[in-house]
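Novice: Starting off with a structure, shown below.
The values are calculated or read from the model by the stated rules, or taken from the named source; none is laboratory data. Note that the structure is predicted; figures quoted are calculated from it, not measured. Note that each Cβ is placed from the backbone with ideal geometry, even for glycine, and that neighbours are counted across all protein chains shown.
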Amino acid sequence: MAKIRFSALEELAHRKPLEVPKRRRVSEIFGCDVLTIEKMRQYLSIEAFKKLEKVMIEGGTIDRGLADQVAAAMKAWAVEKGATHYTHWFHPLNGATAEKHDGFIDLQKNGSMIEAFDGRMLVQQEPDASSFPNGGIRNTFEARGYTAWDPGSPAFINNNTLCIPTVFVAYTGEALDYKTPMLKALALIDKAAVGICQYFDKDVEKVTATLGWEQEYFLVDEALFNARPDLKLCGRTLMGHSAAKDQQLEDHYFGAIPERVNAFMDELEYECHRLGIPAKTRHNECAPNQFELAPIFEEANLAVDHNQLLMSTMKRIAKHHKFRVLLHEKPYKGINGSGKHNNWSLLTDTGVNLLSPGKNPKSNMQFLVFLVATTKAVLEQEALFKACIVSLGNERRLGGDEAPPVIMSVFLGQQLDSILDEIEQKVSSKKMSPDEKTELKLNVGKIPEIMRDNTDRNRTSPFAFTGNRFEFRAVGASANCGAAMIVLNTAVAEQLIAFKKEADALIDRGVKKDEAIFQVLRKYIIACKKIRFEGNGYSKEWQEEAQRRGLSVDSDCVGALKAYLAPKARKLFVENGIFTERELEARFEIKNEIYLKKLQIESRVLGDLALNHIIPTAITYQNTLIENVKGLKEILPDVYNEVGEVQLKAIKEISTHIKEIRTLVDEMTEARKVANNSISNEVERAQVYSATVLPYLDKIRYHIDKLELLVDDEIWPLPKYRELLFFK
Ligand code: ADP
Ligand code: MG
């Protein structure tokens, strides 16, 4: 093993950055591999184009005749660009993207081959649902599933293959992906938000949720990665003593981007731009070898597709540069992990960002309704906001090393806080005098001014208002943003619907519209106090304070998943038509299953590394020490004890660690066995694994990391943190 480590280090010493080629201007290549609606125009009749455009913008289904025309257009464009295959491209619940390529070929009776692709192939494909996580849906019903085109997201060419974004559902209709329920949630918030906008501006007919994700990731050299079975199989280091220096000096963040990385980023961005992903920002993140890429925000469905596409593109391009991308939320212990901040807002078809303070009292009132409704959504569905972001990986990240805590709270900033306080004090259920109203409106009108110098950016909050959007920061780096977007948009829609219902009831009773809105606002502001927190989310005091407030402070992630089955979640999702009961149960089961399987893999890999790599290495070194002491005894029989004191101590220490590792690995294996043999239900087994297997991972690691400090560097088999975290 040590051989692999040293040959990897040798290889690393000779790495050269790839040359950055001169590229065409971004304005020339942006979206060149995407079949945008504009390009479709060239391939379709005017009538077909109009019909398609309507579906692409407003949603709905397309008939077979139109599908055939669109398919012919897609084929013509794709084949012209050299594509040979097509695939439906979807997001199954394993978190990855899935594709099954079919050639554009059809054999004719006379034996000749033609390029074929028709409406039937465009609209539907039939992958086997049982090969993807389905939460038992296949056991109860049929194994088959089908994918159906999502015209809201344009087709694109990747690796000579025409990729058609699709939803993925079971034959019985249950969703087996993130996109299906997300599209429903986005339609719901559109309707709910338009309802509120109508109070302020009759012209608003459509509201779109916008998403700008910030993707954090680590890069590691390929040779070192290959010498670390834990990185290869689990995506994170299961062992490794901290390097003497990592991020203490804060010298990586925003520092000069290393040359090899720069070449990688250049190629990645070039690919992104070709694929229509508006990648804009790149920089070094806090931890050594940690980086970030952020795009310009887009409509949420498209943004989620683009993030999924980015993650797979990154992995592909990294290999050209002899890197591997780590999207795990916590690849290295003791330094920052990786998140994916989800910047989210709502945009009207009249071009107004509903979470941006407006120009006059009226638009500011509208802004306040959306601000407060979003805050109340987090309060009411606190448990779901947590459930949608937890995973085995994120469990390690949250609550440590500059990651937001597992406690949900909303940060609004001091200026907004005081405006909300003022509304609370000044509005009452009694009729307001014209003067009172004018004063209140005047103050509301001052919001943009007050917020102009709002540099208040609380980095410790899991859900923060950042001037013109909310930032959901607890989302993990490897996650499909869809999970968070489903909960966020549905929960906010629920509040907007309820808000309108209450305001309308007051208006029906004769209360003036603006007064009615102020009254409901006040009620919501008061209700939200529990979830609003401006202080340091990392602090111990917040833990205690949150507990006093009755917020969930539990850091047990697998336990948090239960929120999917709570009556509140059922009410939210089922009544609003986002999930059926069966779909919710399936999702819950799948999340537990993935947690369980990943933990099982980690535990097995650790057991293997500990017994077959670490212990033998420790024994080899111990034998060297024993030989040394024996030699000392031979030549210095009277004083060998004294002279060999350090060696003797090390021999004993090594023995202790070896013994502990052996015992703990045996106990961990036994814990797995007990859980596997006694519990057939995977949900229950996941909970038991979390309680009985998970704790061993850190316990075993402790002793291995101690051995790393004791054993001769020359024979240590695994690349060390200082090697993994710093390039030459
Ligand atoms: P920071 O690191 O300071 O949070 P970045 O520039 O890295 O800022 O990322 C901000 C992200 O927020 C970008 O992806 C940006 O496009 C996105 N964003 C800005 N305005 C909106 C909006 N109205 N809706 C959704 N996302 C937005
Ligand atoms: Mg950022």
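Novice: Got a number for residues in region 164-207 being surrounded by fewer than 20 Cβ atoms within 10 Å (Cβ to Cβ) and closer than 30 Å to Pro127 by Cβ?
Specialist: Going through region 164-207 one residue at a time, the tally reaches 5.
Novice: Now a separate question. Which one of the conditions (1) in a loop (DSSP other than H, G, I, E, B); (2) within 30 Å of Gly393 (Cα to Cα); (3) out of contact with any Leu (no Cβ under 7 Å at 6 or more places or on another chain) does Cys163 fail to meet, given that it meets all the rest?
Specialist: (1)
Novice: Looking at Ala387 and the list (1) surrounded by fewer than 20 Cβ atoms within 10 Å (Cβ to Cβ); (2) more than 16 Å from ligand 1 (Cβ to nearest atom), which single condition is not satisfied?
Specialist: (1)
Novice: Specify the residue that is nearest to Leu697 (Cα to Cα); the eligible residues are those in region 612-670 that are surrounded by 15 or more Cβ atoms within 10 Å (Cβ to Cβ) and among the small types (Gly, Ala, Ser).
Specialist: Step by step, filter region 612-670, then rank; the result is Ala618.
Novice: Quick one: which of Leu211, Leu231, Leu219, Leu293 is within 17 Å of Lys333 (Cβ to Cβ), assigned by the TED database to the domain that holds Ile335 and not polar (S, T, N, Q)?
Specialist: Values: Leu211 fails: within 17 Å of Lys333 (Cβ to Cβ); Leu219 fails: within 17 Å of Lys333 (Cβ to Cβ); Leu293 fails: within 17 Å of Lys333 (Cβ to Cβ).
Only one candidate qualifies: Leu231.
Novice: Further, regarding this structure: Can you name the number of the only condition in (1) surrounded by fewer than 24 Cβ atoms within 10 Å (Cβ to Cβ); (2) more than 16 Å from ligand 2 (Cβ to nearest atom); (3) closer than 30 Å to Ser552 by Cβ; (4) not basic (Lys, Arg) that Asn336 fails?
Specialist: (2)
Novice: Out of everything in region 296-306 that is within 11 Å of ligand 1 (Cβ to nearest atom) and hydrophobic (A, V, I, L, M, F, W, C), what residue ends up being farthest from the chain's Cα centre (by Cα)?
Specialist: Only one residue tops the list, namely Ile296.
Novice: Which one is nearest to ligand 2 (Cβ to nearest atom), of the residues in region 355-382 that are more than 14 Å from Leu488 (Cβ to Cβ) and not in a helix (DSSP H, G or I)?
Specialist: Going through the qualifying residues, I end up with Ser356.
Novice: Just to verify a result, which residue in region 96-149, among those that are in contact with a Pro (Cβ under 7 Å, 6 or more places away or on another chain) and in a loop (DSSP other than H, G, I, E, B), is modelled with the highest pLDDT? Talk me through it step by step, then tell me what you get.
Specialist: Initially, region 96-149 is screened for residues in contact with a Pro (Cβ under 7 Å, 6 or more places away or on another chain), giving 98, 100, 132-133, 145, 147.
With the extra rule that they be in a loop (DSSP other than H, G, I, E, B), the set shrinks to 100, 132-133.
On the way: Lys100: 84, Phe132: 75, Pro133: 76.
In this case the residue turns out to be Lys100.
Every residue, every condition in (1) more than 20 Å from Asn489 (Cβ to Cβ); (2) more than 16 Å from ligand 1 (Cβ to nearest atom), yes or no:
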residue: Tyr178; (1), (2): no, yes
residue: Ala187; (1), (2): no, yes
residue: Gly195; (1), (2): no, yes
residue: Asp203; (1), (2): yes, yes
residue: Gly212; (1), (2): no, no
residue: Arg236; (1), (2): yes, yes
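Novice: Inspect all residues belonging to region 476-484 and state whether any of them is at pLDDT 95 or above, within 13 Å of ligand 1 (Cβ to nearest atom) and over 10 Å from the mean Cα position of the chain (by Cα).
Specialist: No, the conditions are met nowhere in region 476-484.
Novice: Now, a different point. Pairs, please: C-beta under 7 Å, at least 6 apart or cross-chain, first residue more than 17 Å from Gly413 (Cβ to Cβ) and in region 359-383, second not aromatic (Phe, Trp, Tyr) and not in a helix (DSSP H, G or I)?
Specialist: Listed by first residue and then by second, the contacts come to Gln366/Leu354; Gln366/Gly358; Glu382/Met408; Glu382/Leu551; Glu382/Ser552; Ala383/Ser552; Ala383/Ala566.
Novice: Taking region 400-420 only, how many residues are in a helix (DSSP H, G or I) and in contact (Cβ under 8 Å) with a residue 60 or more places away in the chain?
Specialist: So in region 400-420, the residues in a helix (DSSP H, G or I) come out as 414-420.
Remaining after also requiring in contact (Cβ under 8 Å) with a residue 60 or more places away in the chain: 414, 417, 420.
Residues meeting the conditions: 3.
Novice: Filter region 181-214 for residues that are of a type in the set (Asp, Glu) and either within 18 Å of the chain's Cα centre (by Cα) or in a loop (DSSP other than H, G, I, E, B) (or both); which is farthest from Tyr146 (Cα to Cα)? If you could, list the steps in order and put the result at the bottom.
Specialist: Residues of region 181-214 that are of a type in the set (Asp, Glu), as a first pass: 190, 201, 203, 205, 214.
In the following step, the residues that additionally are either within 18 Å of the chain's Cα centre (by Cα) or in a loop (DSSP other than H, G, I, E, B) (or both) were identified as 201, 203, 205, 214.
On the way: Asp201: 41, Asp203: 39, Glu205: 33, Glu214: 31 Å.
So, considering only residues that are of a type in the set (Asp, Glu) and either within 18 Å of the chain's Cα centre (by Cα) or in a loop (DSSP other than H, G, I, E, B) (or both), the one farthest from Tyr146 (Cα to Cα) is Asp201.
Novice: Same structure again: Specify which of the listed residues (Tyr270, Tyr217, Tyr178) is under 30 Å from Ala569 (Cβ atoms) and either among the hydroxyl-bearing types (Ser, Thr, Tyr) or within 18 Å of the chain's Cα centre (by Cα) (or both).
Specialist: Going through Tyr270, Tyr217, Tyr178 in turn, the sole match is Tyr178.
Novice: Report yes if some residue within region 411-424 is in contact with a helix residue (DSSP H, G or I) (Cβ under 9 Å, 6 or more places away or on another chain) and either under 30 Å from Glu593 (Cβ atoms) or within 16 Å of ligand 2 (Cβ to nearest atom) (or both); otherwise report no.
Specialist: Kept after step one, since they are in contact with a helix residue (DSSP H, G or I) (Cβ under 9 Å, 6 or more places away or on another chain), are these residues of region 411-424: 412-413, 415-416, 418-424.
Then drop every residue that is not either under 30 Å from Glu593 (Cβ atoms) or within 16 Å of ligand 2 (Cβ to nearest atom) (or both), which leaves none.
Within region 411-424, not a single residue is in contact with a helix residue (DSSP H, G or I) (Cβ under 9 Å, 6 or more places away or on another chain) and either under 30 Å from Glu593 (Cβ atoms) or within 16 Å of ligand 2 (Cβ to nearest atom) (or both).
Novice: The conditions are (1) more than 16 Å from ligand 2 (Cβ to nearest atom); (2) within 18 Å of the chain's Cα centre (by Cα); (3) in a helix (DSSP H, G or I); (4) not acidic (Asp, Glu), and Val390 fails exactly one of them. Which is it?
Specialist: Failing condition for Val390: (3).
Novice: Which condition number in (1) in contact with a Leu (Cβ under 9 Å, 6 or more places away or on another chain); (2) in contact (Cβ under 8 Å) with a residue 60 or more places away in the chain; (3) assigned to a helix (DSSP H, G or I); (4) not charged (D, E, K, R) is the one that Met56 fails?
Specialist: So the condition that Met56 fails would be (1).
Novice: Also, I was wondering about something else. Filter region 535-575 down to the residues that are in contact (Cβ under 8 Å) with a residue 24 or more places away in the chain, in a helix (DSSP H, G or I) and not aliphatic (A, V, I, L, M) and list them by number.
Specialist: Answer for region 535-575, where residues must be in contact (Cβ under 8 Å) with a residue 24 or more places away in the chain, in a helix (DSSP H, G or I) and not aliphatic (A, V, I, L, M): Trp542, Gln543, Cys557, Gly559, Lys562, Tyr564, Lys568, Phe573.
Novice: Select, from Lys340, Lys330, Lys315, the only residue that is under 19 Å from the mean Cα position of the chain (by Cα), closer than 30 Å to Pro21 by Cα, not acidic (Asp, Glu) and not in a helix (DSSP H, G or I). Let's see the steps before the verdict.
Specialist: On the way: Lys330 fails: closer than 30 Å to Pro21 by Cα; Lys315 fails: not in a helix (DSSP H, G or I).
Within the list Lys340, Lys330, Lys315, the selection yields Lys340.
Novice: For region 252-295, name all the residues that are assigned to a loop (DSSP other than H, G, I, E, B), within 16 Å of ligand 1 (Cβ to nearest atom) and of a type outside the set (Gly, Ala, Ser).
Specialist: His252, Tyr253, Phe254, Ile257, Ile277, Pro278, Glu285, Cys286
Novice: Conditions: (1) more than 19 Å from Arg469 (Cβ to Cβ); (2) within 16 Å of ligand 2 (Cβ to nearest atom). Thr313 meets all but one. Number of the miss?
Specialist: Every condition holds for Thr313 apart from (2).
Novice: Further question: Does region 307-322 include one or more residues that are within 14 Å of ligand 1 (Cβ to nearest atom) and in contact with a Phe, Trp or Tyr (Cβ under 8 Å, 6 or more places away or on another chain)?
Specialist: Yes, some residue in region 307-322 is within 14 Å of ligand 1 (Cβ to nearest atom) and in contact with a Phe, Trp or Tyr (Cβ under 8 Å, 6 or more places away or on another chain).
Novice: So which residues in region 270-301 are within 25 Å of Arg15 (Cβ to Cβ) and either more than 16 Å from ligand 2 (Cβ to nearest atom) or among the hydroxyl-bearing types (Ser, Thr, Tyr) (or both)?
Specialist: Restricting attention to region 270-301, the residues satisfying the condition of being within 25 Å of Arg15 (Cβ to Cβ) are 270-272, 279, 282-293.
Residues satisfying the conditions are Tyr270, Glu271, Cys272, Pro288, Asn289.
Novice: In this structure, does Ile257 turn out to be within 16 Å of ligand 2 (Cβ to nearest atom), over 30 Å from Tyr702 (Cα atoms) and more than 21 Å from the chain's Cα centre (by Cα)? Give the derivation first.
Specialist: Numbers: within 16 Å of ligand 2 (Cβ to nearest atom): yes; over 30 Å from Tyr702 (Cα atoms): yes; more than 21 Å from the chain's Cα centre (by Cα): yes.
Answer is yes for this residue.
Novice: While we're here: If I go through region 215-242 residue by residue, how many of them are in contact (Cβ under 8 Å) with a residue 24 or more places away in the chain, part of a helix (DSSP H, G or I) and not acidic (Asp, Glu)?
Specialist: In the first step, residues of region 215-242 are kept if they are in contact (Cβ under 8 Å) with a residue 24 or more places away in the chain; the result is 215-231, 233-242.
Right, trim to part of a helix (DSSP H, G or I) and you get 222-226, 229-231, 233-234.
Applying the additional criterion that residues be not acidic (Asp, Glu) yields 223-226, 229, 231, 233-234.
Within region 215-242, residues that are in contact (Cβ under 8 Å) with a residue 24 or more places away in the chain, part of a helix (DSSP H, G or I) and not acidic (Asp, Glu) number 8.
Novice: Quick check: anything in region 570-580 in contact with a Ser or Thr (Cβ under 8 Å, 6 or more places away or on another chain) and closer than 17 Å to Phe411 by Cα?
Specialist: In the first step, residues of region 570-580 are kept if they are in contact with a Ser or Thr (Cβ under 8 Å, 6 or more places away or on another chain); the result is 572-574, 576, 578.
Adding the requirement that they be closer than 17 Å to Phe411 by Cα leaves none.
Within region 570-580 (the criterion being in contact with a Ser or Thr (Cβ under 8 Å, 6 or more places away or on another chain) and closer than 17 Å to Phe411 by Cα), the answer is no, since none of the residues qualifies.
Novice: Tell me, which helices (runs of 4 or more DSSP H) wholly within region 651-728 include 3 or more residues that are aliphatic (A, V, I, L, M) and in contact (Cβ under 8 Å) with a residue 24 or more places away in the chain?
Specialist: On the way: elements: 682-692, 694-710, 721-724.
Qualifying helices (runs of 4 or more DSSP H): 694-710.
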